[in-house]
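Below you'll find the structure, written out as structure tokens, and then a few comments.
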Amino acid sequence: TLTARNATPVAWSCELFWAGSISHEYALHYSGGMRQLVWQHHRNRSHFCIDSRLPSELYEQSRFCLAPSGDGWGDRLQKAVKAGCVPVIVQPAVLMPFEDLLPYQRFSLRLGAADIPNMHERLASVSHTEHAKMRRALQRYAPAFNWHEGVGRAYEMAVYALCLRAEQRVCDHLRPALLSEPRGERTYPRRAAQLVVGKPAPSAAGS
């Protein structure tokens, strides 16, 4: 038995959900090749809801939601967070929003090109208890992705991040309340310099 967002025992409609373009003729490396790899290895897998068009309601009915890039960063991460669906981020060498400040490892999974063929095994290895913890953390940090006045905290996060990026010595007074544990005066330039740029995803063409 799986546990949904309201903690009522139900069965998820999808183990993994993703709807969107697979590739573009004008861009053979669209999305860094990650969408193509997912389609190649998992399009016919049971309980993997993958297609170019699917009902958006499946975000809330899925255990995990894929968050690939597109022509740019893409908006699948924000949609997954809003729906309370644990994101599976497949964007090699791309910094996520406020990644220097938020503990992404607590509420998401991050996979590279080499992980895609066996992604189903990685998702299945996440226990119900661990998944529930990830969803609770996702709920806690969701306001950091919301720009709406009153409930959102993205503006506060941006101001704090800019202070750190400017390498100001005193930014503590700007730290949003949802960041209860200080993560140090690390800055985005330093974090970006530490990012390991992976090899491009192998092409799925001809497979």
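Can you find a residue that is among the small types (G, A, S) and crowded, with 18+ Cβ neighbours inside 10 Å anywhere in the stretch 85-102?
Initial filter on the stretch 85-102 (among the small types (G, A, S)): 93.
Narrowing the set further to residues that are crowded, with 18+ Cβ neighbours inside 10 Å leaves none.
No, the conditions are met nowhere in the stretch 85-102.
Looking at R76, R63, which one is modelled with pLDDT under 90 and crowded, with 17+ Cβ neighbours inside 10 Å? Outline the logic, then answer.
Working: R63 fails: modelled with pLDDT under 90.
Just one listed residue meets the conditions, R76.
Does A93 satisfy the criteria of being assigned to a loop (DSSP other than H, G, I, E, B) and not aromatic (F, W, Y)?
Numbers: assigned to a loop (DSSP other than H, G, I, E, B): yes; not aromatic (F, W, Y): yes.
When the stated conditions are applied, A93 passes them.
Tell me yes or no: at least one residue of the stretch 121-130 is part of a loop (DSSP other than H, G, I, E, B) and within 18 Å of D100 (Cβ to Cβ). Steps first, please.
Of the residues in the stretch 121-130, the ones part of a loop (DSSP other than H, G, I, E, B) are 125-127.
If we keep only those that are within 18 Å of D100 (Cβ to Cβ) too, we end up with none.
Within the stretch 121-130 (the criterion being part of a loop (DSSP other than H, G, I, E, B) and within 18 Å of D100 (Cβ to Cβ)), the answer is no, since none of the residues qualifies.
Residues that are under 30 Å from E167 (Cα atoms) and surrounded by 18 or more Cβ atoms within 10 Å (Cβ to Cβ): does the stretch 112-130 have at least one? Lay out the reasoning, then the answer.
Step one: filter the stretch 112-130 for residues under 30 Å from E167 (Cα atoms), giving none.
The answer is no; no qualifying residue exists.
The values are calculated or read from the model by the stated rules, or taken from the named source; none is laboratory data. In this text, all values refer to a predicted model and were calculated from it rather than measured experimentally. When we count neighbours, we look across all protein chains shown, and the Cβ atoms used for this are built from the backbone with ideal geometry, even at glycine.
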